[in-house]
1. Would you please list the contacts, defined by Cβ atoms under 7 Å and residues six or more apart or on different chains, that run from a residue in region 330-359 that is within 18 Å of Ser302 (Cβ to Cβ) to a residue that is of a type in the set (D, E, K, R) and within 12 Å of the ligand (Cβ to nearest atom)?
2. Please state which of the following conditions Gly350 fails to meet, knowing it meets all the rest: (1) within 15 Å of the ligand (Cβ to nearest atom); (2) within 25 Å of Ala477 (Cα to Cα); (3) open to solvent by 10 Å² or more (accessible area, probe 1.4 Å).
3. Residues being assigned to a helix (DSSP H, G or I) and within 27 Å of Gly463 (Cβ to Cβ): count how many of those fall in region 530-565.
4. Looking at region 493-508, is at least one residue open to solvent by less than 40 Å² (accessible area, probe 1.4 Å), within 16 Å of the ligand (Cβ to nearest atom) and more than 23 Å from Phe571 (Cα to Cα)?
5. Taking the residues in region 393-413 that are more than 10 Å from the ligand (Cβ to nearest atom) and either more than 22 Å from Ala572 (Cβ to Cβ) or aromatic (Phe, Trp, Tyr) (or both) as candidates, determine which candidate is most open to solvent (accessible area, probe 1.4 Å).
6. Tally the residues that are buried (at least 24 other Cβ atoms within 10 Å of the Cβ) and under 18 Å from the mean Cα position of the chain (by Cα), restricting the search to region 157-178.
7. So His221 clears everything in (1) surrounded by fewer than 17 Cβ atoms within 10 Å (Cβ to Cβ); (2) in contact with an Asp or Glu (Cβ under 8 Å, 6 or more places away or on another chain); (3) in contact (Cβ under 8 Å) with a residue 40 or more places away in the chain except one condition, right? Which one?
8. Determine, yes or no, whether Glu524 is at pLDDT below 95 and either open to solvent by 10 Å² or more (accessible area, probe 1.4 Å) or not acidic (Asp, Glu) (or both).
Amino acid sequence: MCGIVGYIGKKQAAPIILDGLSKLEYRGYDSAGMAIYDGEKINITKSVGRLKVLENLTRGGETMPGFCGIGHTRWATHGVPNDTNAHPHFNADETITVVHNGIIENYLQLRQMLADKGYRFVSDTDTEVLAHLLDYYYKGNPLEAVTKVLHRVEGSYALGILFADCPDQIFATRKDSPLIVGQSDEGCFIASDVPAILKYTRKVYYVDNQEVVRLRADHMHFYTVDEEELRKDPVTIEWDTDAAEKAGYEHFMLKEMYEQPKTVTDTLMPRIKDDDIVIEELHMTDEELAALKKIHIVACGSAYHAGVTGKYVIEGLARIPVEVDLASEFRYRDPILEEGSMVVVISQSGETADTLAALRESKARGFKVLGIVNVVGSSIAREADNVMYTWAGPEIAVATTKAYSAQLIALYLLAMKIGKVRGKIDPEAFSAMLGDLKCLPDQIEMLLNNKLKIQKFANRYVGAKDVFFIGRGIDYAISLEGSLKLKEISYIHSEAYAAGELKHGTISLIEEGTLVAAVSTQPELYAKTISNMVEVKARGAFVLAVTCEENKAIEKAADYVIYIPETNPYFANSLAIIPLQLFGYYVAVGKGCDVDKPRNLAKSVTVE
Ligand code: AGP
């Protein structure tokens, strides 16, 4: 996510803003900038790269004197990382400037409306639309201009805004992206998160959706989106800085698990318009999509596991063949790519060497490559022919959770889109599936709130030596990811197995008390999986079942059952993976492992 810091008060603003932004670096970013009012005009300095670049450009803020300013670290969503796309953005005469965290979903329509009125755009960002829209509505009353903009924009935002005409004020507002304001004897602050201003004050106010804050050097006022003044009570922060960076969570991994409802929403909602799926970034007509004869999905690790789910979902919904490859295998097996095929590479970091090599191999053979990527402007994003971003924001924990969940959403959307244009999904089923997709964030939230039950169960397996995950079809794909989550952070050996395959050898490893997690979310396979559970129980296994609420029959074969809410079976991975993520997490915590930075692992494997 982007980081926002603003200050107005008795002290020089730039050093305070730079210090605050440094406390938000953990959020991940690719550029940084500041706008400071110097007594006559707003000065803006911004650049791609680390915060150090901005510090050097401004000599620690010395070249930008002034007592009022806003600053930003950008995590790119629209527009690659470069100086022009960095924030702050501004209107033509630089009398209004804005920093933004979030996604303006209707920015294209607004950009067109403003262009038709003569506004000229210099960046590729959604944020620049806000600067010109504020200009469009500003007639001398900044609060009125801000609230009018809020009535026009859709999507998520946290904003810091400066008006050169009103240099003794900063305006701030938010919707769905975090923003706090704070006050000390030396001034008032805005920030995306507590760590940025904790050094200056522990007295903060949490801004609610569509509230507008007018900050002056020694006081602030709160308003509704209809300009009615509000009273808000401050909160005193008890956290230390380190805890605050994790927003109170013990680990980034847990924080990122809890961000999954938002990640799913941010990846899903911009691509659902008028009850249809619109994936503009495919740059393919419906006819071109319908003409696809085969898809090759290539990735590594958890991204590969998402791809295995993608195979089942795309083949099930679109009825075209899908091959899934580990990128490290694909690049050396001289793959047979047939006419009419598309290659889809999946990568959170967009820098994984094997996946990048697979992309280059595919392009060298003349095949179009779609990248499903989280890091905007990453190598894979830049080299793919088209990119479908997963808007999960920066993922700090080495073990992926929210990015994996976003990858699943991207694959569901792709499968439904192709299925629809090929006439394989009838309108009622399509509409019902859209409804199921929209329910996923709340259902994930509900499963996450089940964490204490999972933690209790996990504590029983802190000493485990071998854990098996079994499932059939999509449940096998879920098992792959559940097993990896446990392995990579708790260092306990684990295997995922196609449930029907266990009896062909591996079942010999099952001993008294061996934990077998059976995933069963596919109704047509419920009975088969129960048979496999009975097989392992007969050899002494303790069987944990993860299944749908309707599947009560499983209780006769399971020792412990975790139920997930009803959803379309094609989307069940998004729900079943939540208890498995929590299980791996709590076993690792119970073992005292370094959950966020497991031994031997890197967040992005940029070497072969
Ligand atoms: C996931 O928890 C692992 N950290 C790892 O398997 C990861 O998914 C894999 O290295 C691929 O990374 P990428 O998505 O950045 O390409």
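1. Short answer, once both residue conditions are applied: Gln348/Glu395; Ser349/Lys603.
2. (3)
3. Looking only at that region, the number is 8.
4. yes
5. Ile396
6. Qualifying residue count for the region: 2.
7. (3)
8. Here the answer is no, as Glu524 does not meet what is asked.
The values are calculated or read from the model by the stated rules, or taken from the named source; none is laboratory data. For clarity, every value in this text was computed on a predicted model and none was experimentally measured. Cβ coordinates were reconstructed from backbone atoms using ideal geometry, including for glycine residues, and neighbour counts include every protein chain displayed. SASA here: full protein model, heavy atoms, side chains in, ligands and nucleic acids out. Shrake-Rupley method; radii C 1.70, N 1.55, O 1.52, S 1.80 Å.
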